[in-house]
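The values are calculated or read from the model by the stated rules, or taken from the named source; none is laboratory data. In this text, all values refer to a predicted model and were calculated from it rather than measured experimentally. Cβ atoms come from the backbone with ideal geometry, glycine included; neighbour counts cover every protein chain shown.
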Amino acid sequence: MWKDNKGMTLLELTIAVTVLAAVSVAGESVIRPKIEKNRMNRHIAEAQMVYEAITVYLDDATSRGTVDDFSLYEDLMMYPVGDEKNSLYEMLKGMCSDDIKIVRISLDRKKTKISAIVCRVGGYEVEIRDGRMDGCIKIKQS
């Protein structure tokens, strides 16, 4: 009754490839939002680490009496965190993405305490205010 089959017909192969393609497309549409959410959470955590590192840097600079707007810009904001010229590099080396850029720092001048930062990382702009995430937006790539 069974012949000695040694392969698949072209029709069977086409159906198998079509089913495999449909399953992979359906799986991709379910997984992509989860991957994007995890990526965003990672960037938020990295921005919080930068916030804490700036707090430590600011405490140290305050005790030395070397805090002014120009030194903050030059030491923290001129170069990405992953650049050796950034003063936070040694504190955050290997813990954060190299492309984190501090866009804005808000200080409470009375207490010489950081109140908020805005970081740009991996296509997101993350605002950390008082140690907590205050906003995260995806930046449109041009």
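Summary of values
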| read-out | value |
| --- | --- |
| Considering residues of segment 1-20 that are of a type in the set (A, V, I, L, M) and modelled with pLDDT of 90 or more only, the residue farthest from residue 106 (Cα to Cα) | 15 |
| Counted residues, segment 57-86 - those being modelled with pLDDT of 90 or more, surrounded by fewer than 12 Cβ atoms within 10 Å (Cβ to Cβ) and either of a type in the set (Asp, Glu) or closer than 22 Å to residue 131 by Cβ (or both) | 1 |
| Qualifying residue in segment 23-40 (condition: over 19 Å from residue 138 (Cβ atoms), part of a loop (DSSP other than H, G, I, E, B) and of a type in the set (A, V, I, L, M)) | no |
| Residue that is nearest to the chain's Cα centre (by Cα), among those in segment 43-73 that are without any contact (Cβ under 8 Å) to a residue 60 or more places away in the chain and under 16 Å from residue 136 (Cα atoms) | 45 |
| Matching residues in segment 90-142 - criterion: being within 16 Å of the chain's Cα centre (by Cα), modelled with pLDDT of 85 or more and among the β-branched types (Val, Ile, Thr) | 100, 102, 103, 117, 118, 121, 126, 128 |
| Filter result for residue 90 (without any contact (Cβ under 8 Å) to a residue 24 or more places away in the chain, of a type outside the set (Lys, Arg), farther than 17 Å from residue 42 by Cβ and assigned to a helix (DSSP H, G or I)) | yes |
| Subset of segment 23-64 (residues that are over 19 Å from residue 122 (Cβ atoms) and basic (Lys, Arg)) | 64 |
| Which listed residue is surrounded by 14 or more Cβ atoms within 10 Å (Cβ to Cβ), out of contact with any strand residue (DSSP E or B) (no Cβ under 6 Å at 6 or more places or on another chain) and touching a residue at least 60 places away in the same chain (Cβ under 8 Å), from 121, 126 | 121 |
| Failed condition for residue 7, given (1) in contact with a strand residue (DSSP E or B) (Cβ under 9 Å, 6 or more places away or on another chain); (2) part of a loop (DSSP other than H, G, I, E, B) | (1) |
